[in-house]
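The values are calculated or read from the model by the stated rules, or taken from the named source; none is laboratory data. Model, not experiment: these values are computed from the prediction. Methodologically, a virtual Cβ is constructed for each residue, glycine included, from the backbone with ideal geometry; neighbour enumeration extends over all protein chains shown. Accessible surface areas use protein heavy atoms only, side chains included; no ligands, DNA or RNA. Shrake-Rupley method; radii C 1.70, N 1.55, O 1.52, S 1.80 Å.
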Amino acid sequence: MNIALWLERLGKSSPELLAVAHGTRALWTYGELATHVSQIARGLIEQHRLAPGDRVAIIAKNCPEIIEILYGIWAAGLVAVPCNAKLHGAEFGYILEQSGSRLAFVSADLLGTVAPFAPGNVESLVTIGSADYVRLLEADPLPCMPRRPDDLAWLFYTSGTTGKPKGAMLTHRNLSVMAHAYAAEVEPIVPGDAILHAAPMTHGSGLYIIPHIMRGATNVVPESGAFEAEEIFQLSEYWRRMSMFAAPTMVKRMTACPRDFDVTSLRTITYGGGPMYVEDARTAFDRFGPRLAQIFGQGESPMTITCLPKHVIADSAHPRWLDRLASVGMPFACIDLRIVDAEGRPCPVGETGEIVCRGPVVMAGYWNNAEASARTLNNGWLQTGDMGALDDQGYLTLKDRSKDMIISGGTNIYPREIEEVLQAHPAVVEVSVIGRKDPEWGEIVVAYVVGDVQPAELDRLCLERIARFKRPKDYVFVPSLPKNNYGKILKTELRELDRQRVQQLANASS
């Protein structure tokens with residue numbers, strides 16, 4: 001059940017189909033890509049003496065070579081360890097050591113960052129495009145190595161917002177089910193379709209390489225190697241029926257981009273990886289029309305917990321459209337999902353609790369971390385750490401991470417509800433709501449805001465839309481919010497900054 005077999009088969013049955021493009025330039029057909037992959041596989045086994053199950057890291061910004069490297073690793077029966085290219089050298093070193101990677105593919109621009117921190121278990125750093133890399137592509141082709149469904153394929157390292165990142169163990173079965181779920185419930189794929197990788201290929205967008213290879217589509221890597229709204233629109237007009245995965249912040253930037261383009265050239269914008277506020281979703285819908293889909297997932301259940309498909313988002317005449325737009329949809333067919341209380345008991349419809357799920361897409365556990373695995377996987381149920389509620393039609397609405405919930409005067413307050421209201425103000429660029437310790441209330445609500453707006457205006461907005469006790473007691477205006485390398489707001493860091501700010505104010509007044 002090696003997922004690289006899908007590519008090997010297409011290389012034989014449809015060698016003329018275009019597999020990879022760089023910008024507007026056609027790069028490799030499926031026949032050529034399958035040959036490259038089989039050569040890399042043999043080179044890893046014979047030139048570098050790697051054995052099935054060994055880990056191989058990939059440290060690179062988006063580039064076409066990531067695709068042939070990933071599949072070369074899998075074809076050889078090895079385990080891929082893709083790393084976010086924006087990490088610090090010490091963070092690369094930690095992942096390389098914790099994963100026990102024996103070899104790492106590194107782009108030339110990152111070699112100086114990685115090399116000083118490479119641990120002793122890394123026997124080779126292969127620079128992408130170097131003579132060592134070319135030597136792999138000169139090896140004789142190797143048929144795809146057999147793999148069992150439960151053999152590891154990808155160590156997906158979490159973003160590490162609270163402590164060291166953990167390696168979610170994703171098997172060939174996990175990735176196969178994920179690919180089929182995408183093609184069945186997010187959007188069907190046929191040869192000639194294209195997907196653009198403007199988000200990191202070592203993270204969410206990279207996972208979507210798999211269903212598009214499975215169906216014989218074209219993987220397009222932008223020449224910039226990054227997210228540029230104007231380049232995306234230009235490429236969408238060149239590669240008709242083009243889809244992409246985007247974080248909500250990317251969708252917001254695309255929506256605001258003034259460039260005029262033929263919107264019908266876009267097939268789907270699938271967004272996820274963070275909260276999409278209703279006001280932003282409405283604005284994006286006004287610009288892009290029925291081309292938006294939303295997924296909710298985690299590295300531990302890759303891209304596959306719930307889906308809000310295009311036809312639901314497009315049904316703006318539905319009486320509950322705004323409620324559905326505020327949700328993350330319904331569970332994928334391959335997932336069991338529950339909302340549970342602190343004791344693990346199922347919650348009634350409409351009541352907020354922790355989201356737990358199980359199914360063949362849920363990870364096998366965390367690499368070399370039995371304690372975290374036992375804490376997160378409870379009798380096969382993934383404890384997501386996200387709070388949410390199911391409505392009477394089965395739609396899931398996210399509230400917040402459990403650790404971000406504010407308890408004020410004994411009442412639970414969910415920051416996202418307040419953020420949704422504040423984000424509706426046209427002058428608010430970004431906002432993040434946190435709890436601040438308070439001797440009387442336990443915690444009070446504090447809003448950190450990026451934008452040019454008066455607190456009184458935000459107060460009025462809150463009083464119009466939510467209960468008075470949820471209204472922020474303090475507004476702090478900042479030029480930017482702290483984020484991790486995936487663009488997620490770091491509330492842990494924001495709470496620490498707020499603690500320091502309160503202490504400084506107290507010292508100044510004493």
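General remarks:
- Pairs of Cα atoms farther than 25 Å apart, segment 264-385, %: 32
- Surface per residue (accessible, 1.4 Å probe) for the chain, Å²: 41
- Pair Glu371, Ser224: separation of 7 Å Cα→Cβ label points (nm): 4.3
- Spatial offset of segment 212-267 relative to segment 189-210 amounts to 11 Å, using the alpha carbon center of each.
- Segment 75-126, relative contact order in percent, only Cα pairs under 8 angstrom and at least six apart counted: 41
- Cross-link reach is defined here as a Cα-Cα straight distance under 16 Å, omitting same-chain residues fewer than 8 places apart; for Lys473 the lysines meeting it are Lys437.
- On the basis of the beta-carbon distance and an R0 of 51 Å, Arg282 and Val134 show a calculated FRET efficiency of 0.50.
- Judged by the gyration tensor of its Cα atoms, with axes a ≥ b ≥ c, segment 156-311 is prolate; a/c meets the 1.5 cut and a/b is the larger of a/b and b/c.
- Mean-position separation - Cα centroids, segment 414-447 and segment 294-363, in angstrom: 24
- Measuring with a 1.4 angstrom probe and ignoring ligands and nucleic acids, Thr127 comes out at about 30 Å² accessible.
- Each label point was placed 7 Å from the Cα along the Cα-to-Cβ direction; for Leu463 and Lys164 their separation is 5.1 nm.
- The stretch between Glu123 and Lys12, if pulled fully straight at 0.36 nm per residue, gains 36.6 nm over its current Cα-Cα span.
- Simple spin-label estimate for Ala115 and Ala456 in nanometres, 7 Å along Cα-Cβ: 6.1
- Anisotropy class of segment 22-86 from Cα gyration tensor, a/c 1.5 cut: oblate
- When peptides 12-19, 180-187, 169-176 are ranked by their average number of other Cβ atoms within 10 Å per residue, the highest-first order is 169-176, 180-187, 12-19.
- Computed [θ] at 222 nm, helices only, for the chain once each DSSP H run of length n ≥ 4 contributes -39500 (n - 2.57): -9000 deg cm²/dmol
- For segment 198-239, convex hull of alpha carbons as volume per residue, Å³: 66
- Shape metrics for segment 81-225, restricted to C-alpha atoms - Rg then Dmax, Å: 16.7, 45
- In plain terms, the bigger the Kirkwood radius, the slower the diffusion; for segment 1-128, with that radius from Cα pairs, at 4 °C and 1.567 mPa s, Stokes-Einstein puts D at 86 µm²/s.
- Measuring r between the beta carbons of Asn484 and Ser265 and using R0 = 45 Å, the FRET efficiency lands at 0.90.
- Share of pairwise Cα separations in the chain, more than 41 Å, in percent: 21
- Expressed as a whole percent, the accessible surface of the chain that belongs to carbon and sulfur atoms is 51, based on a 1.4 Å probe.
- Of all beta bridges that DSSP places with both ends in the chain, some 55 percent have antiparallel geometry.
- The GluC sites (Glu not before Pro) found in segment 322-421 that occupy coil by DSSP, while having at most 13 further C-beta atoms within 10 Å, are Glu343, Glu351.
- For segment 414-510, the Kirkwood hydrodynamic radius from C-alpha pairs, put into Stokes-Einstein at 37 °C and a viscosity of 0.692 mPa s, yields a diffusion coefficient of 235 µm² per second.
- Gained length - Leu322 relative to Glu440, 0.36 nm times residue gap less alpha-carbon distance: 38.8 nm
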